[in-house]
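Asker: This is the structure, below, for whatever I ask next.
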Amino acid sequence: MLGRGKRLWSRSKRLKSSYDAVIIGGGLHGLATAYFLATRHGMNHVAVVEKRYIGFGGAGRNTAIVRANQRTQENLPLYKEALELWPVLTQELDFNLMFYNCGNLNLAHSEAALKAMRLQVASAQFHGIDSRLIDPKECKELVPALDVSDRLRYPIYGGMYHPPGGIVRHDAVVWGLASGASQKGVDIIQGVAVTGIGVQGGRITSVETDHGTITTPRVLNAAGAYAAAISCEMLGMRLPISVLTIQAMVTQPLKPILHHVISSGTYHCYANQTLKGEVATGAHMDPWPNYTTQCTAHYIKHQAEALTQLLPCLKGVKFMRAWAGLADMTPDMAPIIDGNDPVRGYYLDCGWGYFGFKSCVVTGKYLADFMASGVCPQILRPFTGRRFEQHRLMGETPALVHYSPDN
Amino acid sequence: MALTITCPICGKRSGYEFRFGGEDKGPPPQAAGLTPAAWCDYVHRNNCVAGVQKEWWCHRQGCGTWFSIYRDTTKNLEVAGPQSEDV
């Protein structure tokens, strides 16, 4: 049976000499945009050009958590719609994305953290998102394995509970979108690297690759962590981005003990139990830019300490695997989505940091509107790269960002 | 990621003792005639080089010196020794 299954997407696609749009990067943002261009706008003469293979980067390295309890009025509606899209897309793609809305519990370890959460909860509720403050006793009821005693170095003062969030199988989203886009005629080209972007008279004319030149009036730079380097090298457009490595790991499989995603800013740790039973956990970024995907002993030790403080029953449990991915951090922790500025036909979707997975489908949907019409949808307008020179940074950071080099 | 950095005063030490200070962008632009775009370029925008770049570091948990090094961001290794900034 192995190898006889129907391919999810056509792999033998040859690069054509021209396309209506070329998308750089076969990650989730690129694939989602291609899918929505083809299904919603009838633009199926589109190529997704990927240097490695689809899902190689952040798409396959994130820890699959989705939620809509961000801080600012610009971000909240976007993530709210993103959460609502998972069931819709599961139906539409006829592909089980394994959306498990188990809820997110974000822990507070001080009065100050609770106060910050109060504002965050109020903002979410204003936008009709279910998010509430709970006390330590309620935290314990949600997650019985949690240590809410005062034995912790940083005892739990309460938490922000966000029931509609949860986890989605990230590989399934890659495969589902690739399959859906491919069926609509999108060419997904793997193993081809973009080497240049052609501009004439302030307009995009072509994309150079190591397999030849493609003529196109539109390019979407959705290359994730490499988007900033591509923008700078190929177009001379520098971006307010720093690329940092973020690490994650899983424990050996356990019986179900953790029925919600838990996270703690103070311990710098988040954890959820996958459907296989492994506790997936992560959050650390070494605070200097690099493009490696290496893990550190430094962090594995930290993670074991943090995890066993919060969930003492995990003492003695082994980590099975550790990996890392790249996060393109902006100074205000919000993405950069832009188009036709200053080069007509050049679209940017980057700077997502570690929010790229949660946002991929909804961003793809609106970016497809943007690329098809040339007019930026209202919901994406606040994310313009111009906000940095207008001193209009968004308040997505709860406190000083100590994992960004910019503070 | 065993990053080690050579401090001009303390010598080769663990990368965790240091604070990354950004890509080396040279001295700040002159205040006279400075536009918001030029200031933003200096403060926020980066080249994000995948390769060797010159960058600022501070020996935060050591002598406190600021200096520049060259580091390969694809290998996470220092490739050239420090050039102490004149203070």
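Asker: Does segment B:51-65 include one or more residues that are farther than 30 Å from A:Trp323 by Cα and within 14 Å of the chain's Cα centre (by Cα)?
Answerer: yes
Asker: Report, by residue number, each residue of segment A:265-305 that is in a loop (DSSP other than H, G, I, E, B), among the acidic types (Asp, Glu) and away from every other protein chain (no Cβ under 14 Å).
Answerer: A:Glu278
Asker: Being without any contact (Cβ under 8 Å) to a residue 24 or more places away in the chain and among the aliphatic types (A, V, I, L, M): is that true of B:Ala37 here?
Answerer: yes
Asker: Additional query: Looking at A:Pro144, A:Pro240, which is the one that is of a type outside the set (Val, Ile, Thr) and in contact with a His (Cβ under 8 Å, 6 or more places away or on another chain)?
Answerer: None of the other options fit; the residue is A:Pro240.
Asker: Residues of segment A:231-246 being within 9 Å of chain B (Cβ to nearest Cβ) and β-branched (Val, Ile, Thr), which ones?
Answerer: A:Ile241, A:Val243, A:Thr245
Asker: Additional query: Looking only at segment A:252-304, count every residue that is aromatic (Phe, Trp, Tyr) and under 23 Å from A:Gly158 (Cβ atoms) and tell me the total.
Answerer: Residues in segment A:252-304 being aromatic (Phe, Trp, Tyr) and under 23 Å from A:Gly158 (Cβ atoms): 2 in total.
Asker: Can you pull out every residue in segment B:24-38 that is of a type outside the set (Gly, Ala, Ser) and either surrounded by 17 or more Cβ atoms within 10 Å (Cβ to Cβ) or part of a loop (DSSP other than H, G, I, E, B) (or both)?
Answerer: Matches in segment B:24-38: B:Asp24, B:Lys25, B:Pro27, B:Pro28, B:Pro29, B:Gln30, B:Leu34, B:Thr35.
Asker: May I pose another question? On the given criteria, is A:Leu239 over 30 Å from B:Gly21 (Cα atoms), in contact with a helix residue (DSSP H, G or I) (Cβ under 8 Å, 6 or more places away or on another chain) and either buried (at least 23 other Cβ atoms within 10 Å of the Cβ) or not assigned by TED's automatic domain parsing to the domain that holds A:Phe36 (or both)?
Answerer: Taking the combined requirement at face value, the residue does not satisfy it.
Asker: Moving on to the next point. Among the residues of segment A:34-47, is there at least one that is in a loop (DSSP other than H, G, I, E, B), assigned by TED's automatic domain parsing to the domain that holds A:Ser182 and under 15 Å from the mean Cα position of the chain (by Cα)?
Answerer: Within segment A:34-47 (the criterion being in a loop (DSSP other than H, G, I, E, B), assigned by TED's automatic domain parsing to the domain that holds A:Ser182 and under 15 Å from the mean Cα position of the chain (by Cα)), the answer is no, since none of the residues qualifies.
Asker: If you check every pair at least six apart or on different chains, which have Cβ atoms under 6 Å apart with a residue in segment A:12-40 that is over 20 Å from A:Glu208 (Cα atoms) and among the aromatic types (Phe, Trp, Tyr) first and a residue that is assigned to a helix (DSSP H, G or I) and modelled with pLDDT of 95 or more second?
Answerer: A:Tyr35/A:Leu177; A:Tyr35/A:Gly180; A:Tyr35/A:Ala181; A:Phe36/A:Gly364; A:Phe36/A:Lys365; A:Phe36/A:Ala368
Conditions tested, residue by residue: (1) within 30 Å of A:Thr292 (Cα to Cα); (2) aromatic (Phe, Trp, Tyr).
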| site | (1), (2) |
| --- | --- |
| A:Ile24 | yes, no |
| A:Thr33 | yes, no |
| A:Phe56 | yes, yes |
| A:Ile65 | yes, no |
| A:Glu84 | no, no |
| A:Thr90 | no, no |
| A:Leu105 | no, no |
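Asker: Name the single residue that is surrounded by the fewest Cβ atoms within 10 Å (Cβ to Cβ) among those in segment A:57-107 being part of a helix (DSSP H, G or I) and β-branched (Val, Ile, Thr).
Answerer: Once the filter is applied, the top-ranked residue is A:Val88.
Asker: Considering only residues that are of a type in the set (Gly, Ala, Ser) and out of contact with any Leu (no Cβ under 9 Å at 6 or more places or on another chain), look in segment A:349-382 and name the one that is surrounded by the most Cβ atoms within 10 Å (Cβ to Cβ).
Answerer: The selected residue is A:Gly374.
Asker: How about segment B:39-54: which of its residues are facing chain A (nearest Cβ under 8 Å) and assigned to a strand (DSSP E or B)?
Answerer: Answer for segment B:39-54, where residues must be facing chain A (nearest Cβ under 8 Å) and assigned to a strand (DSSP E or B): just B:Asn46.
Asker: Given the options B:Cys7, B:Cys58, B:Cys63, name the one that is in contact with a His (Cβ under 6 Å, 6 or more places away or on another chain) and more than 8 Å from chain A (Cβ to nearest Cβ).
Answerer: B:Cys7
Asker: If only one of A:Leu28, A:Leu83, A:Leu119 is at negative phi and more than 14 Å from the chain's Cα centre (by Cα), which one is it?
Answerer: A:Leu119
Matching residues to (1) at pLDDT 95 or above; (2) not assigned by TED's automatic domain parsing to the domain that holds A:Leu146:
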site	(1), (2)
A:Thr213	yes, yes
A:Leu235	yes, yes
A:Gln247	no, no
A:Pro253	yes, no
A:Glu278	yes, no
A:Pro289	no, no
A:Lys315	yes, no
A:Lys318	yes, no
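Asker: Would you point out the residue of segment A:267-325, among those that are polar (S, T, N, Q) and without any contact (Cβ under 8 Å) to a residue 60 or more places away in the chain, that is farthest from A:Ser110 (Cα to Cα)?
Answerer: Applying the filter and picking the extreme gives A:Thr292.
Asker: Just one of (1) within 30 Å of A:Val88 (Cβ to Cβ); (2) in contact (Cβ under 8 Å) with a residue 40 or more places away in the chain; (3) more than 14 Å from chain B (Cβ to nearest Cβ) trips up A:Cys350, so point out which.
Answerer: Against the list (1) within 30 Å of A:Val88 (Cβ to Cβ); (2) in contact (Cβ under 8 Å) with a residue 40 or more places away in the chain; (3) more than 14 Å from chain B (Cβ to nearest Cβ), A:Cys350 comes up short only on (3).
Asker: Please list, ordered by first then second residue, the pairs with beta carbon atoms under 8 Å, 6 or more apart or interchain, first in segment A:62-83 and over 15 Å from A:Arg169 (Cα atoms) and modelled with pLDDT of 95 or more, second in a strand (DSSP E or B) and of a type outside the set (A, V, I, L, M, F, W, C).
Answerer: If the second residue must be in a strand (DSSP E or B) and of a type outside the set (A, V, I, L, M, F, W, C), the pairs left are A:Ala68/A:His162.
Asker: Sticking with this one: Let me spell it out: the conditions are (1) over 30 Å from A:Thr195 (Cβ atoms); (2) more than 7 Å from chain A (Cβ to nearest Cβ), and B:Pro36 meets all of them except one. Which number is the exception?
Answerer: The number of the failed condition is (2).
Asker: Further question on the same structure: Give just the number: which of (1) outside any loop (DSSP other than H, G, I, E, B); (2) facing chain A (nearest Cβ under 8 Å); (3) in contact with a helix residue (DSSP H, G or I) (Cβ under 9 Å, 6 or more places away or on another chain) does B:Gly21 not satisfy?
Answerer: (3)
The values are calculated or read from the model by the stated rules, or taken from the named source; none is laboratory data. Nothing here was measured: the structure is a model prediction, and the numbers come from that model. All Cβ positions, glycine included, derive from the backbone under ideal geometry; neighbour counts span all protein chains shown.
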